[in-house]
Every structure is written in structure tokens, then in C-alpha cells.
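In what follows, a single structure is set out as C-alpha cells and then discussed.
The values are calculated or read from the model by the stated rules, or taken from the named source; none is laboratory data. Keep in mind that this is a model prediction, so the values were computed, not measured. Glycine also receives a Cβ, built like all others from the backbone with ideal geometry; neighbour counts cover every protein chain displayed. Please note that ligands, DNA and RNA were not included when accessible areas were found on the heavy atoms of the full protein model with its side chains. Shrake-Rupley method; radii C 1.70, N 1.55, O 1.52, S 1.80 Å.
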Amino acid sequence: MRLRFIKASKKDADLIVEIYNAAFYDDFIKYGECPAYGKTREQMEASIEKFPKLIVFYDDNPVGIISVDIKEKGVYYLCCLCVIPTYQGRGIGKQAFHYLLELYKDWKKITLITPADKEENIKFYTEKCGFIVDGTEMDGNIKMVHFTLER
């Protein structure tokens, strides 16, 4: 498997919207809303400026996104790690996460959240990436799980 990671720029906004919509369609249908689904080009351009994004390519196909919020030196919030469904289960997400750790070599702490009923996400982050669950909270009517990875 050949993965490449390309830093996104505003010119990639339409492609990123397409990847997000494919990756988060099921969440949108299940919950009736999803912050990553249905963004406009302008919203995505603003997001690219605020939160660095990498486009994940499998061979030459754009199949995923990694996005972080740099909270402070060495502290990151993983905004998004997604792979479109037809490419899931191939180790792409795990390799993408390990690439992120190499890219941000100064990391001391990484946090993220995901819905509590997304068992495959919880298993992925704990078993494949080494995160621990450190709490839950309600976001509207959706229970969210908090994860932390520290070194």
C-alpha cells in the first residue's frame, strides 16, 4: 500500500468537502447532523486556514483527511482523522495517525472526541492508536467520548 500525505491549501477545498461528505454521510443520516458534513467551499477554506489539514492519498486516490488544532506547543487536538468508507479496513487510518505523530514530533498530548455509540471508532483509537478514554459528555443529545494520548 502506497500512502502519500499532501498539505491542503484553499485550492483543495472542494476535494476536502467531497471527502468529508463521503466519510461522514452515515453520521449525518444517523444523528441528523454532523459538523464535518455539508460544509460549503467557503467554510472549508476558512477551516483549512485555521486547522492544518493533510489529504491522504492511497496510490493516487484521495481517500482521507487528517486535521489538527494546535492548542499550544506539543499539545494537539485531533479534529479529524477520516477515511472514506470504501477504503476503510486497510490500515490507512492507522498509518495516517502514525504519520501525524512523525510530523508533529514535539507532541506531548493529543486529544479527540467521538460519539460513544461509534464502537469502531473507540476500538480504533484505543487499540490501534494507543489512546485512553478519559471521560464523556453530552453534546446536545449525543454522548461523546473523550480520548487522550500522552507521552
Study note, to complete from the structure: Counting Lys and Arg as +1 and Asp and Glu as -1 over every other residue whose Cβ sits under 13 Å from the Cβ of Asn21, the net charge comes to -2
**Study point:** Net charge, Lys143 excluded, C-beta distance under 10 Å - Lys, Arg +1, Asp, Glu -1
**Key:** -3
Exercise for review: Would you work out what percent of the accessible area of the chain, with all protein chains in place, is carbon or sulfur (probe 1.4 Å)?
Suggested key: 50
Practice item. Give the accessible surface of the range 19-126 per residue, rounded to a whole number of Å², with probe radius 1.4 Å and ligands, DNA and RNA excluded. Key: 52
Revision key, fill the gap. Here Rg/Rh (Cα, Kirkwood) for the range 19-108 equals 0.97
Exercise for review: With just the Cα atoms of the range 58-131, tell me how far they stretch along each of the three principal axes, in Å, largest first.
Suggested key: 35, 32, 17
Practice item. Please work out the Kirkwood hydrodynamic radius for the chain, using every pair of different C-alpha atoms, and report it in angstroms with one decimal place. Key: 15.8
Practice item. For the range 31-46, just list the computed ³J(HN,Hα) in residue order, Karplus coefficients 6.51, -1.76 and 1.60, θ = phi - 60°, integers in Hz, with x standing in for Gly and Pro. Key: 9, x, 6, 6, x, 8, 9, x, 6, 7, 4, 5, 4, 5, 4, 5
Revision key, fill the gap. For Gly38, the net charge from surrounding residues (Cβ-Cβ under 12 Å; K, R +1; D, E -1) works out to -1
